[in-house]
1. Of the residues that make up region 145-162, is at least one under 16 Å from the mean Cα position of the chain (by Cα), within 14 Å of ILE97 (Cα to Cα), crowded, with 20+ Cβ neighbours inside 10 Å and not charged (D, E, K, R)?
2. Quick one: count up the residues across region 32-73 that are assigned to a helix (DSSP H, G or I) and either surrounded by fewer than 10 Cβ atoms within 10 Å (Cβ to Cβ) or at pLDDT 75 or above (or both).
3. May I ask you to verify whether GLY170 is over 22 Å from ASP6 (Cβ atoms) and free of Cβ contacts under 8 Å to residues at least 60 places away in the same chain?
4. If I filter region 170-180 for residues that are loosely packed, with under 13 Cβ neighbours inside 10 Å, modelled with pLDDT of 90 or more and under 22 Å from HIS95 (Cα atoms), do I get at least one hit?
5. Could you check, for region 129-142, whether at least one of its residues is at pLDDT 95 or above and among the polar types (S, T, N, Q)?
Amino acid sequence: MADSVDVLGTLKLVYTIYAIAAISLIAWYAYRITQEGKGVGPAKPAIFWTYVATLITIGTGLHFLTYNVVPWVPMDLDRANIESHKTFNITYKDHEITLDEKPMRVDCNKYVVFDAVSEDLTYGFGIFRQNHSMVAQMQVVPGSRNDLMWRFPKNGTYYVRSTEYSGPKGAHMIVEDAIIVSGCQEDDKHSVK
C-alpha cells in the first residue's frame, strides 16, 4: 500500500503541470485574439481542438493510471471480500469523541474498521500523523452507517480529530494518541513520538 503522503506529493506535482498546460491554452487563445495585424486571429479550429483533446486525454489518463495507487481505492473496490481483523466503535455526542478502546491498538497490515456513530450532529472522523498530515477521514452523519476500513503499513502513533465543522466547539474535538500501530518493519517517520 502506498503512503498517502507520497501519493499526494506526486499528485500535487502532476496536477500543477496539468493546470499550467490548461491555463496555457487559455493564455494562447487570449493572446491570439487580441493581436492586430494581417493573418493574426483566433487559433485555427484544428489546432485548438487538438490541444483540448490532448488535455482531456492526459486528464482522464491520469485518473486511470493513479486510481489503483491511491491507498483507499483497492480497499473500497474489494471491501465485500475483505474481513477485518478488528472493529473499533467510536461515539460522537455533545462535541465529544468517545472511543471504546483507548488507545486503539492495531497490528501491522491488518485491516481494521472504525465504526463511528453520531448521536446529534454531523462530525468527521480523521486520522492524523504527528506532523498533522491526514491519513484518512470520513464524515460521521447521524442516523447513517459511518465506517472506515483501513490498513496501516507502518508503525506509528496517530491522533483522531473531527474533520467537519460542527460549531466552535468542534475545533477542540481531538483525541491524542488514539491509535498505536505496531509490528511493522518500518516506522512512519511522520508519526513517531
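1. Within region 145-162, one or more residues are under 16 Å from the mean Cα position of the chain (by Cα), within 14 Å of ILE97 (Cα to Cα), crowded, with 20+ Cβ neighbours inside 10 Å and not charged (D, E, K, R).
2. Residues meeting the conditions: 23.
3. No: the conditions fail for GLY170.
4. Checking region 170-180: at least one residue is loosely packed, with under 13 Cβ neighbours inside 10 Å, modelled with pLDDT of 90 or more and under 22 Å from HIS95 (Cα atoms).
5. yes
The values are calculated or read from the model by the stated rules, or taken from the named source; none is laboratory data. Values in this document were obtained by computation on a predicted structure and should not be read as measured data. Neighbour counts are summed over all protein chains in view; Cβ atoms, including those assigned to glycine, are modelled from backbone coordinates with ideal geometry.
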